[in-house]
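Okay, so here's the structure we're looking at.
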Amino acid sequence: MNPTTVLLIFCGYVALLLVVAYLTSRQATDGSDAHFFVANKKAPWYAVAFGMLGASLSGVTFISVPGWVESQGFTYMQMVLGYLVGYGFIMAVLLPLYYRLGLTSIYGYFEGRFGPQAYRTGAAFFILSRTIGAAFRLFLVAMVLKLFILEPMGWSGAAAVGSGTLDWGYAAAVLIILGVIWAYTRQGGLGTIVWTDTLQTAAMLIAVVYSAYAITHAMDWTFSDAVDHIRSSPMGRWWVWDDWKAPNHFAKHFIAGAFVATAMTGMDQDMMQKNLACKDLKEARWNMGSFSVVLVVVNVLFLGLGVLLYTWTQAQGMDIERADSLYPTVALSGELGWGLGFVFLIGLLASAFSSADSAMTALTTSICVDVLGTERRPADQAKATRKRVHAGVAAALFVVIMVFSTVQDSSVVSAIFTAANYTYGPLLGLFSFGLVTRRKPADRWIPWVAVASPVLCYVLEAGLKQAYGFSFGFALLPVNGLLTFVGLSVLTKST
């Protein structure tokens, strides 16, 4: 694609987002926090469910998962199936709890159950977790924009900054993405995101379906031929039963999936804020139920696309240096027509925006409600504070992403879940202890337990891997939660 076409696609997509933002933000003419935080609790459950797909998939699934299939096959589905257990727990236990307490931030539960130190600890771990997750996701998408769009257009280069260098082309890509997200979420917040994420989820799914069609058509296959090829391919392997030491063994993946879904969805303000935007518990459950089923199907679709992409590159003799560059390389090569490049660019933009807009809103909500207590301030003062925090979150994400751009060298999917194993574990332990027991440990010691658990997890994982070649893999998250739970239990007995 020529630079003018790329620029027109970007501008057209951004204009569409801004139009949607304008129309939805009119429902909050006073810029109220209720509209920004929970969409006035009037969001339709079906729109929330569809939009949550985009936030869950983001640039990670859109780009990394198809490339991951060469080394991991379909084994990722073992974890996705485990998600269903976690989503069932969210529908049965967590959603009723949040609605009964009437929470805006779910970490308000900790204040009533344990005390203010636990409340701030939970919010702090969420802020850290979501900042890392959003930064990793935007890191990947901005990198693709730079390599495949900005550099060919001549909009990239390096400049000396102190003792190092700054890739101003990459920085420009990140700034543009964050600037657009800030612009369309600053007024409407979640009330806008419910609808923009619906649009962006549709864009991603259209892109992957069209991509699969383009490859199938180019290979002169029918739909049945493509399905048979995926099933018979060595990359189509779902289950790992034989090597219990392997990080992707079925038991580890399935159990990890259940806990990952519970912690990273049910105990995550970003994802739960969307559920709390539904008008009542019944609609929130409809949202989670439909979302969980469709998510399984969509992940199968992305992995199947990965098999087709690798099949095409092998047939064409294309050399793919990085798994994350598989999809963009094929889509933007031009060999499968301009239509594939067009839908890929739209899908890429959608994945970038959907991965960060709700994160930016959720981080703003948590900082305002949990840290600054704006719900107890006069409306005008709370609104002004919220706007400053919103801009500050965008600036913080930019700084973190630029730091990652200098040190990140592993698979983005693996990196996100590795970070989550450590930062979401204490949240899992705190919620579990509060729900399972009636005991109340000394509030002042809870932050120490929450920090000690991830440190012990890191030492345990490193020691077992060195001594026995054993890795918990993604199952490290429930281990982390268990350590937090045990620490709280010991703390209760000693006080």
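The values are calculated or read from the model by the stated rules, or taken from the named source; none is laboratory data. Just so it is clear, the model here is predicted, and its values are computed rather than measured. Note that we place each Cβ from the backbone using ideal geometry, even for glycine, and neighbour counts take in every protein chain shown. Heavy atoms of the whole protein, side chains included, go into the accessibility calculation; ligands, DNA and RNA do not. Shrake-Rupley method; radii C 1.70, N 1.55, O 1.52, S 1.80 Å.
Values computed for the structure shown
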{"item": "Residue-span extension gain [S224 to L7] - 0.36 nm each, minus C-alpha spacing", "result": "74.4 nm"}
{"item": "Relative packing of 270-278, 387-395, which averages over residues the other C-beta atoms within 10 Å, highest first", "result": "270-278, 387-395"}
{"item": "Overall form of the chain per C-alpha gyration tensor (a/c, 1.5; a/b vs b/c)", "result": "oblate"}
{"item": "Sequence ranges 172-185, 308-321, ranked by mean other-Cβ count within 10 angstrom, highest first", "result": "172-185, 308-321"}
{"item": "Residue-averaged [θ]222 nm for the chain, counting only DSSP H segments that reach four residues, each worth -39500 (n - 2.57)", "result": "-23500 deg cm²/dmol"}
{"item": "Set K41/K387; K42/K383; K252/K274; K383/K440 screened for pairs whose C-alpha atoms are more than 31 Å apart", "result": "K383/K440"}
{"item": "Accessible area in square angstrom per residue, the chain, 1.4 angstrom probe", "result": "40"}
{"item": "Alpha-carbon centroids, the stretch 313-347 and the stretch 66-138: separation in whole Å", "result": "33"}
{"item": "Of the DSSP H helices in the chain, those whose Cα atoms cover at least 30 Å axially and whose Kyte score averages -0.5 or more", "result": "3-25, 116-145, 190-218, 281-316, 338-366, 379-407, 446-468"}
{"item": "Carbon + sulfur, % of accessible area of the stretch 264-349 - ligands and nucleic acids excluded, 1.4 Å", "result": "60"}
{"item": "Nearest-0.05 FRET efficiency for R231 and A467, computed from C-beta distance (R0 45 Å)", "result": "0.70"}
{"item": "Whole-percent carbon and sulfur share, accessible surface of the stretch 431-473, 1.4 Å", "result": "66"}
{"item": "Relative packing of 79-92, 218-231, which averages over residues the other C-beta atoms within 10 Å, highest first", "result": "79-92, 218-231"}
{"item": "Mean-position separation - Cα centroids, the stretch 257-302 and the stretch 431-471, in angstrom", "result": "26"}
